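For reference, the structure is listed below as C-alpha cells.
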Amino acid sequence: MTTLLPDCPLCQQPGGAELWRGTHLRVVEVEDPDYPGYTRVIWNSHIPEMTSLSRHGRELIMDAVWRIEEAQREILRPDKINVASLGNMVPHLHWHIIPRWRGDRHFPDAIWAAARIPPGNEPPEWAARMAAIQAVMQRYRNRLLESLDAMPRH
C-alpha cells in the first residue's frame, strides 16, 4: 500500500521531469540551467528516512543513486558529484545527485549556498563548457535509462 500525504509536494507532484518509474521509486531530472544533469531519486510513498525502509528498499534506492552517479561520471564528466539526502524542507525520502564543475556558480559550496558567481559574471570559458554538457545531455538520459531499466522495478 502506498501512503501519500496531501500536503507533501513529493507525494502530490513528480518532483521534476520523470525519466523512469518503478514500483517503489522514481527518477526525475531537475530543471536547473546552472546544473544540467541534476537528477533526483524519490521514494514513491511518503517515508521520511532511510531507516524507515526495509533492507531491500534501502538497497534498491541506493542502487538507483549509484547508477545515476555512474552515468554522470561516464557521460557528463563533472569535476565532482554531490550526493545528498536532506529532507529538511520536504521530509519525503529523496536523494539529489548533482554533477559539479569547478567554476560553477556555487563551487566549491553546496548549490543551496549563496552563489559565488552572480549571473552574468561567469568566466568566458563557462559558456563553452555548458554548451558541451548540453550537447551530451540526451546521451546521458539514454545511458541512465538503459542502466535503470536493468534494475528490478519492484
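The values are calculated or read from the model by the stated rules, or taken from the named source; none is laboratory data. Just so it is clear, the structure is predicted and the values come from calculations on it, not from any experiment. Neighbour counts run over all protein chains shown; Cβ positions are idealised from the backbone, glycine included. Just so you know, the surface numbers come from the protein's heavy atoms only, side chains and all, with ligands and any DNA or RNA stripped out. Shrake-Rupley method; radii C 1.70, N 1.55, O 1.52, S 1.80 Å.
Structure summary
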quantity	calculated
Whole-percent carbon and sulfur share, accessible surface of the chain, 1.4 Å	53
Calculated FRET value between residue 90 and residue 122, using beta carbons and R₀ = 22 Å, to 0.05	0.15
Computed helical MRE - 222 nm, the chain, DSSP H runs ≥ 4 contributing -39500 (n - 2.57), nearest 500	-9000 deg cm²/dmol
By accessible area with a 1.4 Å probe, ligands and nucleic acids excluded, highest first: order of 147, 54	54, 147
Residue with peak Gaussian network fluctuation, the chain [Cα springs, cutoff 10 Å], from 99, 123, 14	123
Within the chain, longest stretch free of exposed trypsin sites (Lys or Arg not before Pro) [DSSP loop, at most 14 other beta carbons within 10 Å]	1-101
Per-residue ³J(HN,Hα) for segment 11-24, Karplus 6.51 cos²θ - 1.76 cosθ + 1.60, θ = phi - 60°, Hz, x for Gly and Pro	7, 9, 9, x, x, x, 6, 5, 9, 7, 9, x, 4, 9
For segment 4-148, accessible area per residue (1.4 Å probe, heavy atoms of protein chains only), Å²	52
Segment 1-65: GluC sites (Glu not before Pro) in DSSP loop, at most 14 other beta carbons within 10 Å	31, 49
Calculated over the chain: convex hull of Cα atoms, volume per residue (Å³)	111
Computed over the chain: relative contact order in percent, which uses C-alpha pairs under 8 Å that are six or more apart	24
